[in-house]
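Here's the structure we're looking at; comments come further down.
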Amino acid sequence: MTALATPFAATKRMVVKTGSALIVDEAGEIRKAWLDKLADDIAVLVKRGIEIAVVTSGAVAIGRWKLGFGRRGLKIEEKQAAAATGQVWLAHAWAEALGARGIVGAQVLLTPDDTEARRRHLNARATVAKLLDAKAVPIINENDTIATEEIRFGDNDRLAARVAQMASADTLILLSDIDGLYTADPHSNPDAKHIPEVLELTPDILAMAGEARPGYSSGGMVTKLGAARIALGAGCRMGIALGKRDNPLMALEQGARVTWFMPQGSPASARKRWIASTVQPAGSVVVDDGAAAALSRGKSLLPAGVVTVNGEFDRGDAIRVLDKAGRELARGLSAYSAADARAIQGRKSAEIAELLGYRGRDELIHRDDLAMAGGPGR
Ligand code: GLU
């Protein structure tokens, strides 16, 4: 993919992140007129068939005023209380803005575990995929109310990149207070030059971010480059674009300045590499010849094809898939724990609900969660 004049031509699934300073004014009020214009852009792109998830900050910035904390620095529990308060208003404003354009919004609150730990990852991935499939727009923020300092993303740039990775998005746009990466901070250096495209995060590029700048929102250029590292590793193109203008996404289509960070591979191949790179799979399943042949044709692994389940693992853990001779055919994320996998091995997917007492996935390992031996990263 190259950075085209029509930047969304090849986009199928996109994450758009907006910072607090864009969506909330200095007095803690939602900037509705701006939000409406962004919702206009999202509606245009969704109607074109692009799946969009929004990562939105602003909960703390709204809630701090509602609780009377004002502008002052907040202790962690005050921040959490502010987030709990502001999130209601934030999600409502989004749902209303999208709803007025015929689009259903759905709130998703995440902690790092939901996107980074494999065990939790399948749940959040499946929910977001289902929403996108239903043409809804997930409105995502960090679950600040329960995430404590040590286990927080802390900034929504990183959260947005993790969401892009989790959802196998091909494009991530960080709407920011600046229209991209410059060779130096353009606020203090008039000779700073804009960089339109970054192919690799070299030490030179990282040095351009300078020091983290304290300000109204937590993300500066340093956190944006951190997000770029995650996105590129996930095969996702990332753009840093100016958010402080009306219709910021359409502006990109009209050639507005942006810095594109271009990945080498695709989200699918990056995901398979990530799965393949599991150092210590938690267990394994032995499959029959029919299932082995189906896997090599790119199909999912169904419980019916499994003859033995080895080891102890949880839903979402990476396991090995072996043929009857013990050769490793693939690695994949199991949709069932070892105990449940034993209960359904050799059985038809239609019997799962009766055997387990709940209606799980039809596949033991979905093909998107399978990395074949000899495939990417192997
Ligand atoms: N999750 C925080 C909020 O909604 C914002 C974090 C950030 O600005 O990066 O208030």
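Arg31 satisfies every condition listed in (1) touching a strand residue (DSSP E or B) at 6+ places or on another chain (Cβ under 7 Å); (2) in contact (Cβ under 8 Å) with a residue 40 or more places away in the chain except (2).
Within segment 74-90, the presence of at least one residue that is closer than 23 Å to Arg245 by Cα and within 13 Å of the ligand (Cβ to nearest atom) is confirmed.
Considering segment 151-168, the residues that are of a type outside the set (Gly, Ala, Ser), outside any loop (DSSP other than H, G, I, E, B) and within 16 Å of the ligand (Cβ to nearest atom) include one that is surrounded by the most Cβ atoms within 10 Å (Cβ to Cβ), namely Asp157. Is it true that some residue in segment 2-12 is within 16 Å of the ligand (Cβ to nearest atom) and out of contact with any His (no Cβ under 9 Å at 6 or more places or on another chain)? No, segment 2-12 contains no residue that is within 16 Å of the ligand (Cβ to nearest atom) and out of contact with any His (no Cβ under 9 Å at 6 or more places or on another chain). Being among the charged types (D, E, K, R) and closer than 18 Å to His121 by Cβ is the filter here, so list the residues in segment 313-339 that pass it. Within segment 313-339, Asp314, Arg315, Asp317, Arg331 qualify. When residues in segment 134-177 are screened for being touching a residue at least 40 places away in the same chain (Cβ under 8 Å), charged (D, E, K, R), out of contact with any Leu (no Cβ under 7 Å at 6 or more places or on another chain) and at negative phi, 8 of them pass.
Among the residues of segment 100-145, those that are within 16 Å of the ligand (Cβ to nearest atom) and assigned to a strand (DSSP E or B) comprise Gly105, Gln107, Val108, Leu109, Leu110, Pro138, Ile139, Ile140, Asn141, Glu142. When restricted to residues that are under 17 Å from Ala251 (Cα atoms) and either of a type in the set (Phe, Trp, Tyr) or in contact with a Cys (Cβ under 9 Å, 6 or more places away or on another chain) (or both), segment 158-200 contains 2. Set side by side, the residues Val44, Val104, Val24 differ, and just one is within 20 Å of Ala251 (Cα to Cα) and at pLDDT 95 or above, which is Val44. The C-beta contact set for segment 76-89 (first residue closer than 10 Å to Arg152 by Cβ, second residue away from the ligand (no atom under 11 Å from the Cβ) and part of a helix (DSSP H, G or I), distance under 7 angstrom, 6+ apart or interchain) comprises Ile76/Glu149.
Taking Gly210 as the residue in question, decide whether it is modelled with pLDDT under 95 and more than 13 Å from the ligand (Cβ to nearest atom). Yes.
The C-beta contact set for segment 220-231 (first residue under 14 Å from Asn156 (Cβ atoms) and away from the ligand (no atom under 14 Å from the Cβ), second residue among the basic types (Lys, Arg) and in a helix (DSSP H, G or I), distance under 8 angstrom, 6+ apart or interchain) comprises Ile230/Arg158; Ile230/Arg162. If you go through segment 87-106 and keep only what is of a type in the set (Gly, Ala, Ser) and closer than 10 Å to Asp40 by Cα, you end up with Ala97, Ala100. Number of residues in segment 306-319 that are under 21 Å from Arg347 (Cα atoms) and crowded, with 21+ Cβ neighbours inside 10 Å equals 4. Whether a residue is within 10 Å of the ligand (Cβ to nearest atom), of a type outside the set (Lys, Arg) and closer than 30 Å to Ala134 by Cα was assessed, and Ile23 passes this test. Of the residues making up segment 169-202, those that are surrounded by 15 or more Cβ atoms within 10 Å (Cβ to Cβ) and under 21 Å from the mean Cα position of the chain (by Cα) number 11.
The values are calculated or read from the model by the stated rules, or taken from the named source; none is laboratory data. Note that this is a predicted model, so its numbers are computed, not measured. All Cβ positions, glycine included, derive from the backbone under ideal geometry; neighbour counts span all protein chains shown.
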